[in-house]
Amino acid sequence: MTRGIFGTRIMAGLTTLFNVLALNLAMIVAALPLVTAPVAVIAASATLDQWRHDGEDRVIRQFVIEFRARWSVRATLGAGVPMAAAVLGLAEVRHFAPEATAAGRAGLTLGAVALFITLAALGYVFQLATDKPGRPPVGLWSASARLAVRNLLVAGPLAAIPIAGVVILAGRDPALLLLGLPVFLLHALKLTARAGLRKADTGLKSTKPS
């Protein structure tokens with residue numbers, strides 16, 4: 001009996017690992033044209049939610065369904081602009097980091113603060129875009145920025161640390177991206193965002209008149 005339970009757990013673990021690697025590969029392939037990367041991330045986010053809530057573990061099938069359903073200019077801009085802002089922010093920080101002048105230090109400080117807030121907002125962007133598809137990009141950015149600033153001391157480090165880890169590992173060996181790093185990063189950002197959204201919902205409910 002113990003052996004049977006142990007074997008069942010092993011099979012469940014292997015199935016989970018296979019699904020993570022399959023979803024990771026699907027997201028990377030769909031994002032290769034770059035312009036499709038925002039929708040690929042949102043589709044993967046929705047697939048993770050379907051897997052978590054409804055037990056839908058046919059991740060490739062679900063990813064294709066979500067990708068087709070969510071493909072739009074709004075979705076591309078909604079998630080794409082913050083993703084591009086994070087990349088540009090990182091480039092600016094790297095540019096100003098060697099500067100020893102006052103202007104260089106000022107640029108580094110401003111760039112680092114903007115990058116920190118952008119990274120803190122990314123998880124909210126992905127989760128809100130998943131929960132409310134078709135939301136106008138400006139409204140999505142505004143809501144995500146407000147949530148990020150409100151929970152900055154928690155959301156900032158919890159977003160920056162896994163992002164930095166993935167960037168460092170991928171920089172050393174890009175092949176590691178195929179081992180699930182992008183899906184792991186997306187999952188970590190979503191966990192932080194869901195905690196912040198629950199906190200915001202609780203705060204709203206507590207302020208409503210009884």
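Quick look at the values:
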item: Label zone at Arg150, where the point sits 7 Å out along the Cα-to-Cβ direction: segment 105-128 residues whose backbone N lies under 14 Å; result: 121, 124-125, 128
item: Test item: Cα-centred dipole of the chain, Lys/Arg +1 and Asp/Glu -1 on Cβ, debye; result: 520 debye
item: Fewest-first sequence of Ser142, Ser45 by Cβ atoms within 10 Å of each Cβ; result: Ser142, Ser45
item: Dipole of segment 62-207, positive direction: furthest Cα of Leu176, Val125, Pro82, with charges on the beta-carbon; result: Val125
item: For the chain: span of alpha carbons on each principal axis (Å, largest first); result: 69, 56, 38
item: Per-bin percent of Cα-Cα distances, segment 1-105 [5 Å]; result: 2, 11, 16, 15, 12, 11, 9, 8, 6, 5, 3, 1, 1, 0
item: Estimated inter-spin distance, Glu99 and Val29, nm [label 7 Å along Cα→Cβ]; result: 4.4 nm
item: Two-site FRET efficiency, Ala200 against Ser142, from Cβ-Cβ distance with R₀ of 22 Å, rounded to 0.05; result: 0.95
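All of the numbers you see were taken from the coordinates with simple rules; none came from a lab. Not measured: the values here are computed from a predicted model. Glycine gets a Cβ as well: all are built from the backbone with ideal geometry, and neighbour counts include every protein chain shown.
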